[in-house]
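Values in this text are rule-based calculations from the coordinates and carry no lab data. Computed from a prediction, not measured in an experiment: that's the story for all the values here. Here the Cβ is made from the backbone with ideal geometry for all residues, glycine too, and neighbour counts use every protein chain on show.
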Amino acid sequence: MGGSAWKLTGLEVRWESLERLYAERGLAPQLPTVAWRGSAPVYLGEEQVGYATSGCWSPLLKRYLALAHLRAPHYAPGTGVALELTVEHRRRRPEAVVVRLPFFEPERKRGPA
């Protein structure tokens, strides 16, 4: 067996990619002030490989993050994907990368090895 067909993983939206999409419309990037919950398609090229279930700007990590369900083998950390977001009433796909969960795990919160 090759493991699970689907996995819940993290996505980090590439800031430069998001900024570029807003700049095309003459706008500064608009970040959500609260987490959004819904279904946003995740693509690898033109193929939909999963969907994000929620996302937000993390003021602590200074990153736009999302949780996503991705099909194998696309859930490997470091995999480049695109997350469909709406920019000025148009669907766009900023670049994102698959990251491990949890997004933040400080030393003081880890148990003994």
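Where residues in the range 78-100 are more than 26 Å from Q30 (Cβ to Cβ) and touching a residue at least 24 places away in the same chain (Cβ under 8 Å), which of them is surrounded by the most Cβ atoms within 10 Å (Cβ to Cβ)? Let's see the steps before the verdict.
Filtering the range 78-100 down to residues more than 26 Å from Q30 (Cβ to Cβ) leaves 78-79, 100.
Within this subset, residues satisfying the condition of being touching a residue at least 24 places away in the same chain (Cβ under 8 Å) are 79, 100.
On the way: T79: 17, R100: 10.
Applying the filter and picking the extreme gives T79.
Those residues that are under 11 Å from the mean Cα position of the chain (by Cα), farther than 13 Å from L18 by Cβ and either among the aromatic types (F, W, Y) or not in a strand (DSSP E or B) (or both), I need them from the range 49-78; list them, please.
The answer is Y51, and nothing else.
Yes or no: the range 15-27 includes at least one residue that is touching a Pro at 6+ places or on another chain (Cβ under 9 Å), part of a strand (DSSP E or B) and surrounded by fewer than 17 Cβ atoms within 10 Å (Cβ to Cβ).
The answer is no, given that none of the residues of the range 15-27 is touching a Pro at 6+ places or on another chain (Cβ under 9 Å), part of a strand (DSSP E or B) and surrounded by fewer than 17 Cβ atoms within 10 Å (Cβ to Cβ).
Quick one: in the range 62-77, of everything that is closer than 26 Å to T33 by Cβ and not hydrophobic (A, V, I, L, M, F, W, C), which residue is surrounded by the most Cβ atoms within 10 Å (Cβ to Cβ)?
The residue in question is Y64.
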